[in-house]
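All remarks here apply to the structure that follows.
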């Protein structure tokens, strides 16, 4: 029988270690290695982290009942004790969190920040200084707390440049999948069943759909997943990632089906590569200015025909 208490103790120690402002990227990479080793570890760590998120979202300690301060004189005032979290032993973290949640009946979440892009992409700045580029018709919601930064990506694409803060993990939720980072630059696409993560700087820990095993994606790597199918890893060029922000799509020996998925995102309508066309390989540069221009470019550069309607585009081999 597995000893879950050991995972809990290790999770407590990792949590305290990563809360330290001097935690390094090497610490986070070691943490990812640890959490990848056993699904029980992720469950244990998430439990500790959730408890502390609740603590940080709650009012200040003055809202605790007077009885918590054992030093208060009878009939006198109740002065707040010095704030010394560093003195808490690691094994007491979970118990302290449970007690705090029980004492505070009303919790206040960090304010919600909502951003969206219309017909044109836009770049926004979150309250922690992180910047997010939103592709056309994409949107996010963010809660930037004292101990954790949470972002939810709706349908669309967002490129993140995260402000380094070792004490506050930055987590992007994209449907059933999540991306956890410390401070780095990466791109996330959520488009129906399609999920893509590309890293331009640093490293991220991705929890894909399905079995939930954490996958580390480092600079120059791309992770793709369709539905709950197996994860596919490939290379990613940070320069081509940056070009996407200007509407320039650069491909090197890419499947035409992948190109079609990208065009669906930019044109806001389904672009489907039918039959053998989906397996054709494409290398070239497309400027996603408008539908007519980009499809004319594709027909000029690849042996395909684009049949256009008001509801979609079908690509077939010539």
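Just so you know, all these numbers are worked out from the coordinates, no wet-lab data involved. Treat the numbers as computed from the prediction; the structure is a model and nothing was measured. Methodologically, a virtual Cβ is constructed for each residue, glycine included, from the backbone with ideal geometry; neighbour enumeration extends over all protein chains shown.
Observations on the structure shown:
- Stokes-Einstein diffusion for region 247-317 at 37 °C, viscosity 0.692 mPa s, with a Kirkwood radius from C-alpha pairs, works out to 282 µm²/s.
- With Rh defined as the Kirkwood radius, the inverse of the mean 1/r over Cα pairs, the Rg/Rh of region 112-237 is 0.93.
- With a simple spin-label model that places each label point 7 Å from the Cα along the Cα-to-Cβ direction, the separation between residue 296 and residue 308 comes to 0.9 nm.
- Residue order, fewest to most beta carbons within 10 Å, for 151, 231: 231, 151
- When 269, 222 are sorted by how many other C-beta atoms sit within 10 angstrom of their C-beta, beginning with the fewest, the order is 269, 222.
- One Cα centroid belongs to region 115-181, the other to region 295-311; the line between them spans 33 Å.
- Ordered by the count of other Cβ atoms within 10 Å of each Cβ, fewest first, 267, 249 give 267, 249.
- Stokes-Einstein D in µm²/s, Kirkwood radius over Cα pairs - region 172-264 at 4 °C with 1.567 mPa s viscosity: 96 µm²/s
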